[in-house]
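Novice: The structure under discussion is supplied below as structure tokens; questions concerning it will follow.
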Amino acid sequence: MLFDLPDHASLYDALLARDATYDGRVYVCVSSTGIFCRLTCPARKPKRENCTFLETVGECIERGFRACKRCHPLKPMASADPAISALLTALDERPEYRWREPDIEKMGFDPSTIRRSFKRQFGMTFLEMARQRRLRDGFETIVDGGKVIEAQIDAGFDSASAFRAAFAKLLGKAPGRLDSDPILFADWIATPLGDMIAVTSQSELHLLEFADRKALRTELAKLDKVAKGRIGIGKTSPSRQIASELTAFFDGTLTGFETPLAYHGSAFTKSVWDALRDIPAGETRSYSQIAETIGRPTAVRAVARANGANQIALVIPCHRVIGADGSLTGYGGGLWRKQKLLETERQYLPLITDKKS
């Protein structure tokens with residue numbers, strides 16, 4: 001900790017007041033937009049429940065948030081050091097490039113100085129910032145049957161331990177601890193709303209979550225127990241099917257998913273998930289409406305808990321549940337994604353109407 005953070009209420013008040021006291025010491029990450037800002041940002045203030053306050057830019061970036069284009073939280077660091085400004089610009093121009101220390105030297109900078117400067121300003125080095133964007137490549141190398149060392153190289157990690165740590169932070173296990181003869185397989189699927197992790201058996205989809213969701217590691221740990229540690233990486237027929245269906249979904253040509261699902265929950269929870277799947281694309285329901293649908297009108301809170309326990313996002317469409325007053329309410333993948341999903345599904349209404357007629 002750089003200093004003791006005040007409580008959430010105090011920081012939110014400081015955000016509303018645009019209190020410069022915390023400038024450069026605390027940043028606000030807004031789940032509804034996926035953006036992080038300085039507390040002095042002139043943009044419209046987010047709702048209290050959508051705010052998370054972190055001490056460093058590095059923490060914000062690690063959690064998948066993008067820098068605000070109005071208050072430019074990276075600008076003070078860049079302005080203070082021309083080298084940082086040049087490297088941030090280069091990274092934005094070539095995010096896919098595997099940056100290494102010789103590249104820094106070619107730009108006329110001393111790698112050790114750059115390392116210290118980025119660590120001081122962002123809580124991570126420039127190479128760590130760049131490598132975070134590359135982890136997906138390493139994952140896909142293993143999916144395609146490549147060795148861990150090949151995955152490490154493809155991901156642009158010079159250190160095997162750093163690659164293992166980054167990998168474990170995502171999946172809860174380092175590559176070497178994944179089962180070589182798994183019964184559950186993790187796969188990486190890119191979507192317009194962010195990368196997703198799918199876990200499948202040879203016959204069913206067990207999990208589908210956005211890679212940046214905080215609960216992902218907990219959900220994977222539960223599946224690991226179910227599989228008795230036999231989780232690995234690879235593609236299966238269900239993972240290929242769901243990847244294809246997700247492409248069609250975001251293209252606006254798919255009104256329902258057909259990938260076979262494996263439910264992990266109580267009988268009541270499963271009944272809620274079935275009710276969610278019965279909500280047509282382009283429509284929404286409240287918790288109380290779902291409770292009525294399953295014949296348990298007084299079990300509204302239990303319905304909400306079952307909704308939150310869903311670990312097969314989009315396919316079991318918990319994003320179609322809104323508050324009784326029409327508000328979006330919470331969503332594990334972020335309210336900004338929920339809004340985008342509902343907007344995406346509005347395009348399905350003509351298709352559904354045509355089918356009915």
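Novice: Any idea how many residues of region 10-56 are in contact with a Lys or Arg (Cβ under 8 Å, 6 or more places away or on another chain) and part of a helix (DSSP H, G or I)?
Specialist: Qualifying residue count, region 10-56: 3.
Novice: Answer yes or no: is there a residue in region 197-209 that is surrounded by fewer than 18 Cβ atoms within 10 Å (Cβ to Cβ) and within 27 Å of Lys338 (Cα to Cα).
Specialist: Within region 197-209, one or more residues are surrounded by fewer than 18 Cβ atoms within 10 Å (Cβ to Cβ) and within 27 Å of Lys338 (Cα to Cα).
Novice: Listed residues Thr247, Thr259; which is assigned by TED's automatic domain parsing to the domain that holds Asn310, hydroxyl-bearing (Ser, Thr, Tyr) and either buried (at least 17 other Cβ atoms within 10 Å of the Cβ) or at positive phi (or both)?
Specialist: Thr259
Novice: Taking into account only those residues within region 301-343 that are of a type in the set (Ser, Thr, Tyr) and touching a helix residue (DSSP H, G or I) at 6+ places or on another chain (Cβ under 9 Å), which is nearest to Ala198 (Cα to Cα)?
Specialist: Tyr331
Novice: Would you kindly identify the helices (runs of 4 or more DSSP H) lying entirely within region 108-209 that contain at least 1 residues that are more than 28 Å from Lys225 (Cα to Cα) and of a type outside the set (S, T, N, Q)? Spell out the reasoning first.
Specialist: Values: elements: 111-122, 126-132, 135-143, 148-154, 160-171.
In region 108-209, 111-122, 126-132, 148-154 are the helices (runs of 4 or more DSSP H) which contain 1 or more residues that are more than 28 Å from Lys225 (Cα to Cα) and of a type outside the set (S, T, N, Q).
Novice: Next up: I need the full set of residues from region 16-40 which are within 28 Å of Phe210 (Cα to Cα) and of a type outside the set (Phe, Trp, Tyr), in order please. Write out each step before concluding.
Specialist: Of region 16-40, the ones within 28 Å of Phe210 (Cα to Cα) are 26-39.
Matches in region 16-40: Val26, Val28, Cys29, Val30, Ser31, Ser32, Thr33, Gly34, Ile35, Cys37, Arg38, Leu39.
Novice: Hey, another quick one. Say we look at region 246-271 and pick out the residues that are part of a loop (DSSP other than H, G, I, E, B) and of a type in the set (Gly, Ala, Ser); which of these is nearest to Gln202 (Cα to Cα)?
Specialist: Once the filter is applied, the top-ranked residue is Ala262.
Novice: Among (1) farther than 21 Å from Ala309 by Cα; (2) in the same structural domain as Lys270 (by TED's automatic domain parsing); (3) touching a helix residue (DSSP H, G or I) at 6+ places or on another chain (Cβ under 8 Å), which single condition is Arg217 missing?
Specialist: (1)
The values are calculated or read from the model by the stated rules, or taken from the named source; none is laboratory data. None of these values were measured; they are calculated from a predicted model. As a convention, Cβ positions derive from the backbone with ideal geometry for all residues, glycine included, and neighbour counts pool all protein chains shown.
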